[in-house]
Amino acid sequence: MATKESAAPLRIIYGDDAGDARTITAFASLSVHLDDLAAAKQELLRFRASLEEDPALRLPIHASLHAQDLAAGRGRHLYRPGLTGAGREAHLAACRGVIRRGLETLAAVPRARVTAVYRETDDYGRDRPALQRAWLARINAELAAADEYGVVIVDGDGTDTCLVDAYHALPGRDRRIVGVPLFESARINYFLQAADLLAYAAYQSVAKRPEREFMWDWFGAALPWADGPTAR
């Protein structure tokens, strides 16, 4: 049966932030066309199933993926007590590889858009909200250029009002984002977990932390067509 396309071009945009709260703040998003949402979910489910089937990981399909934990090989489903030496290094490589595999999965999502921005900072409280305003304005401009509309969903509980304030700051007549950004826990949303992988990989690609050298080029290699990471 043919899929009926939505009457109005609409995208669902999943966003999350990353950074070190000292020198760099970053934000990234995955934008999926509403008509491709089911196909995108299937891509993510296949990815999650492969992690569960991987004998080096056995990561439950429902497990919450967080890039910082994966990079460090820590967390409820990742920690392996008693592993030392080569066994520990092999497990750590497998955990870190989940980030790369996730980025490659997102590259296969039909008509996906990935946007990443960052800002060097000496005042995190000032620059993090400013960066989120710049990201939302960029997303709004992308939607306008494509004659589309979008719904923004971000990780959180709504107590951080940066993006809500940024939405209200957009010019009303040119606003392409439908309603204020919505908040949801990434623990129960595969797409927000994907946005977390994007944000962390984008951050590491510009921060160039020596302890994360293994992933400096992962974002660009997996997503050469992505918009960013761009300084804002």
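The values are calculated or read from the model by the stated rules, or taken from the named source; none is laboratory data. None of these values were measured; they are calculated from a predicted model. Here Cβ is always computed from backbone atoms with ideal geometry, including for glycine, and neighbour counts include all displayed protein chains. Ligands, DNA and RNA are excluded from the accessible area calculation, which covers all protein heavy atoms including side chains. Shrake-Rupley method; radii C 1.70, N 1.55, O 1.52, S 1.80 Å.
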Dividing the mean separation of Cα pairs under 8 Å (6+ apart) by the residue count of the chain yields a relative contact order in percent of 31
Taking only protein heavy atoms and a 1.4 Å probe, the highest-to-lowest accessible-area order of 205, 64 is 64, 205
Trypsin sites (Lys or Arg not before Pro) in the range 1-102 lying in a DSSP loop, each with at most 15 other Cβ atoms within 10 Å of its Cβ, come to 4, 22, 58, 74, 76
Length gained, residue 164-residue 120, 0.36 nm per residue minus C-alpha separation, equals 13.6 nm
Charge dipole of the range 3-147 built from unit charges on the beta carbon (Lys, Arg +1; Asp, Glu -1), centred at mean Cα; most positive-end Cα among 95, 67, 19 is 95
With a Förster distance of 35 angstrom and the Cβ-Cβ distance between residue 56 and residue 182, calculated FRET efficiency to the nearest 0.05 equals 0.45
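With +1 assigned to the C-beta of every Lys and Arg and -1 to the C-beta of every Asp and Glu, and no other charges, what is the dipole magnitude of the range 130-232 about the Cα centre in debye, to the nearest 20?
240
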Taking 188, 153, 13 and ranking on accessible area (1.4 Å, protein atoms only), highest first, one gets 188, 153, 13
On the accessible surface of the range 142-212, probed at 1.4 Å with all protein chains in place, carbon and sulfur together account for a percent value of 51
Computed from the beta carbon distance with a Förster radius of 35 Å, FRET efficiency for residue 146 and residue 80 to the nearest 0.05 stands at 0.15
Toy charge model, Lys and Arg Cβ at +1, Asp and Glu Cβ at -1: the chain dipole around Cα centroid in debye, rounded to 20, equals 260
